[in-house]
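This report refers to the structure that appears directly beneath it.
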Amino acid sequence: MGEPDFLRNIASKILTPTALDLKRLDDVRRLLASAESKYKFSSYGGDPKRLVEYFESPDFVDLILVLGVELSKKLLQEVIASYSDKDIQAAAKKALDEIDGFKNIEDTDTLLMYKKF
C-alpha cells in the first residue's frame, strides 16, 4: 500500500467537531479542499510528495492561523508518524519547528486575523 491520503486519513482524524467549533471547521475544510486542488497532494490521482510544497507555502500558514498552534502541531505530528517518505517527514518537522515561533504570539493578547472564504 502507498502513502495515506492527507485529507481523508490524517486531517479528518485530527480535525473533528470536538476539536474545532463548526465555523472554524468549515473554514479549515475549505482551505484544505482548495489546497488539495491547487497542490495535487491527494493519494488518489495526485502525488503525496507535493505535501512538501504545501507545508512550505503561504496557504499552509493560513491554515495554521485558523487552526491555532496546538492543533497545527498535532496535525503535523500525525503526518510525521503516518508517512514513510523522508521528504514529507522533513517538511512536516520543519513546519513544526517554525510553528514554535508562533507559540509566543498565540500566548499574547495579539489579535490574529484570517480571510473568510
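Yes/no per residue for (1) assigned to a helix (DSSP H, G or I); (2) surrounded by 14 or more Cβ atoms within 10 Å (Cβ to Cβ); (3) at pLDDT below 90:
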{"position": "Asp59", "(1), (2), (3)": "yes, yes, no"}
{"position": "Leu75", "(1), (2), (3)": "yes, yes, no"}
{"position": "Asp87", "(1), (2), (3)": "yes, no, no"}
{"position": "Gly101", "(1), (2), (3)": "yes, no, yes"}
{"position": "Thr110", "(1), (2), (3)": "no, no, yes"}
Practice task
Could you tell me whether Ser34 is out of contact with any helix residue (DSSP H, G or I) (no Cβ under 7 Å at 6 or more places or on another chain), in a loop (DSSP other than H, G, I, E, B) and either surrounded by 14 or more Cβ atoms within 10 Å (Cβ to Cβ) or at pLDDT 95 or above (or both)?
Solution key: no
Completion exercise
How many residues of segment 29-47 are in contact (Cβ under 8 Å) with a residue 24 or more places away in the chain and under 14 Å from the mean Cα position of the chain (by Cα)? The answer is 9
Problem - Search result, residues across segment 44-57 that are closer than 16 Å to Pro4 by Cα and surrounded by fewer than 17 Cβ atoms within 10 Å (Cβ to Cβ) - result: Tyr44, Gly45, Gly46, Asp47, Lys49
Exercise for the section: Just give me the residues in segment 1-11 being part of a loop (DSSP other than H, G, I, E, B) and touching a residue at least 12 places away in the same chain (Cβ under 8 Å), in sequence order. Expected result: Gly2, Glu3, Pro4, Asp5
Problem - Search result, residues across segment 12-31 that are crowded, with 19+ Cβ neighbours inside 10 Å, hydrophobic (A, V, I, L, M, F, W, C) and in a helix (DSSP H, G or I) - result: Val28, Leu31
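The values are calculated or read from the model by the stated rules, or taken from the named source; none is laboratory data. Remember, predicted model here, so these are calculated numbers, not experimental data. When we count neighbours, we look across all protein chains shown, and the Cβ atoms used for this are built from the backbone with ideal geometry, even at glycine.
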